[in-house]
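Engineer: First, the structure itself, so that you have it in front of you.
Values in this text are rule-based calculations from the coordinates and carry no lab data. On a predicted model such as this, the values are computed, not experimentally measured, just so you know. Counting neighbours? That spans all protein chains shown, and the Cβs are built from the backbone with ideal geometry, glycine included.
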Amino acid sequence: MSEVEASVNGLMGVLRWRAQTEGDRDVFRWLSAFGEVEDSETFRGLYEKAQTVSVTLGAISDSGTIAVAVRRSLWFQRVFAGCLLAGRVVVPLPPIMEASGYSVSERFVAILLHCLPKILVVSECDKGLALRLLQEHGLSADCRVVAAEELVTGTTSNERYVPNDLDSVAYLQYSSGTTGSPKAIEISHRNLVANMRAVRQYAELFSDAVGVSWLPMEHDMGLVAGMMIAIYSGCLVYGMRPDDFAKHPDRWMKWMSERRATHSIAPNFAYGIAAARCGEQLAASLDLSHLRVVLCGAEPIDSMTLETFGARFARSGLRQTALFPCYGLAEATLFVTGGPVGAGVRKIAVDCDKLAEGELVESASEGATEVVSSGAVEAGSIVRIARFEEDGQGVALDEGSIGEICVAGESVSRGYWGDRVSTLNTFGWEIEGDHERYLRTGDIGAVKDGQLYVTGRIKDMMIVRGKNYFPDDIEKSLRRDLPILRGRRFVVFQNAEDLICCFVEEVIETDVSVDVSGLARDGDDEVGSMLRSGIERSVAQRYGLHVADVRVIPAGSLPTTVSGKVVRTGLEDLISRLDIGENDE
């Protein structure tokens, strides 16, 4: 039997099979802030603890959703696996008390009020806060608070295993909310297994693979790539706290070197931070020659970021061919396109005017802009580029034509939990001449030579004089053109009056030991003037557009999702707050 055969009973069928055939092998190891292994779990240990959790949960409540908000540790994996084994719908959440701010986020409460869990699993030290939270929001009568440590205490004498119904909901993945309120995406056991099969095959993530992940478990990339794939493929994943990465990005690189990681997966911004915070001396001391695949996704991919990362760690033995841009979204479980392994970063220079007219046309002119491939479209899902007419009929577009990215296949969710309107607006769409039912991703792009090129999002698209412009593309061009933007977060958008604006966050501090030539600090009006003139000139030269409003705003002002992406829907409110603040001075 193989993991593919075992997966006919879902991911927990694979875990059961691995517990029986290679039970003593470690699947997870948890690293302390100093890089030492402070906890570990074997396949057999994980399965046995999941059995205990499953039985204990059933004794507390035999139906309803279960929310898991456990502090960063292996307790999350144990409890989550137990929920899946029990056939319960589980909701991954961040810990109630995150280190930053020590407060419960509005998003956390909104999710609880939406999914109405029968059980809320937290760490023992957070039980008091959880109970008060439920009482404050009228949930205490119908929801039981349980500590993760209590669920795993004791043993189950007899195995109680019932294969999961592959078409039943395994968990609810709440969207990051880049375009509005988070939605609960239903991920079935079939979706999960299909996506794991694709990741294993196209990223060549086999049982000899080793990963080091700091990704939050409540995020789809962290949950699927940091936990599920380890169970499915039989690889070993070292976990570290997201806060450890945020405070010391160099530790991620050090620990990948020390643990001889073969695979890495993270959003684009993480590779930029790692390159900026690791100096030449540190890079020279690392050994990354064993890294075979460096997956980059979850947000728009900037070729400059990957080039900088690749150049910084080339002296560490990192092969440029290991870089693996990919595309995916939670509505398709995680992974949609990527690879092939060994191809490295593929990019093309395209004509800006033709791009605005909806075509990818390669150009050698100085004013061309670069677009990066997000990998091969034949990577386990069906990908089509389409235009949708007013009657809802989809029309497939030719190669090189820009349209909406549509996805079909077993990895695609059936819809949003308790939201029929949003489900109908997003899932089950038809494209003329095609029998598949497609997910409309809301992303814009084109397929060229079998590769997917993502150019932006429909809701972010700026229309000027009848042409379409994409903020992501303009931001990438600005980052390449203006060294002063290094180390900064900034965003380009169109305001309510259809004027193009750019907000740039201040740089408060930098690591003086790291070479960030061209980075300017914000101490006087001169820096703001340089930013304004540089941004206005670059956008005018490349795109023929006028930037009406360039502002330098306080660091941390830009609204973001849990994965660090800027929430463009909140920028109009930010304008109002900034205007009020200026008038008060």
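Engineer: Once you charge only the Cβ atoms, +1 for Lys and Arg and -1 for Asp and Glu, what is the size of the charge dipole of region 348-458 about its Cα centre, to the nearest 20 debye?
Structural biologist: The calculated dipole for region 348-458 is roughly 560 debye.
Engineer: Exactly which GluC sites (Glu not before Pro) in region 29-94 are in a DSSP loop and have at most 10 other Cβ atoms within 10 Å?
Structural biologist: Sparse-neighbourhood loop GluC sites (Glu not before Pro): Glu36.
Engineer: Next up: Quick check on the exposure proxy: order His546, His219 from fewest to most C-beta atoms within 10 angstrom.
Structural biologist: Going from least to most buried by this count: His546, His219.
Engineer: Also: Suppose R0 equals 60 Å; then what is the FRET efficiency for Lys459 and Thr153 from their Cβ-Cβ distance, rounded to the nearest 0.05?
Structural biologist: Rounded to the nearest 0.05, the efficiency is 0.80.
Engineer: Sort 378-386, 552-560, 81-89 by the packing proxy (mean of other Cβ within 10 Å over each peptide's residues), most packed first.
Structural biologist: Ranking the peptides 378-386, 552-560, 81-89 by packing returns 81-89, 378-386, 552-560.
Engineer: Once a ≥ b ≥ c are taken as the square roots of the eigenvalues of the Cα gyration tensor of region 423-508, is the result rounded (a/c under 1.5), prolate (a/b larger than b/c) or oblate (a/b not larger than b/c)?
Structural biologist: prolate
Engineer: Rounded if a/c is under 1.5, else prolate if a/b is larger than b/c, else oblate: which is region 308-365, with a ≥ b ≥ c the root eigenvalues of its Cα gyration tensor?
Structural biologist: Oblate.
Engineer: Going by Cα centres, region 40-54 and region 343-380 are how many Å apart?
Structural biologist: 47 Å
Engineer: Report the charge-dipole magnitude of the chain in Debye, nearest 20, computed about the Cα centre from +1 at each Lys and Arg Cβ and -1 at each Asp and Glu Cβ.
Structural biologist: 1460 debye
Engineer: Can you list the residues of region 238-255 with backbone N under 12 Å from a point 7 Å past the Cα of Asp26, pointing along Cα to Cβ?
Structural biologist: Hits in region 238-255 for Asp26 at 12 Å: 238-239.
Engineer: Could you tell me whether region 178-283 comes out rounded, prolate or oblate from its Cα gyration tensor? Rule is a ≥ b ≥ c as square roots of the eigenvalues, rounded for a/c under 1.5, then prolate if a/b exceeds b/c, otherwise oblate. Don't skip to the answer; put the middle values down first.
Structural biologist: Values: a/c = 2.40, a/b = 1.34, b/c = 1.79.
Since a/c reaches 1.5 but b/c is at least a/b, the shape of region 178-283 is classed as oblate.
Engineer: By count of other Cβ within 10 Å, fewest leading, how are Ser374, Ser140, Ser576 ordered?
Structural biologist: On the way: Ser374 26, Ser140 15, Ser576 9.
With the fewest neighbours first, Ser374, Ser140, Ser576 line up as Ser576, Ser140, Ser374.
Engineer: Using DSSP to call loops (not H, G, I, E or B), can you name the trypsin sites (Lys or Arg not before Pro) in region 215-269 whose Cβ has at most 16 other Cβ atoms within 10 angstrom?
Structural biologist: Answer in residue order: Arg260.
Engineer: Under a point spin-label approximation (7 Å from Cα along Cα-to-Cβ), what is the Asp481-Ser207 distance to one decimal in nm?
Structural biologist: The two pseudo-label positions are separated by 5.4 nm.
Engineer: If you restrict to DSSP beta bridges whose two residues both lie in the chain, what percentage is antiparallel, to the nearest 5?
Structural biologist: 60 percent
Engineer: Using the alpha-carbon centroid of each, what span in Å lies between region 211-287 and region 288-315?
Structural biologist: Here the two parts' Cα centres lie 12 Å apart.
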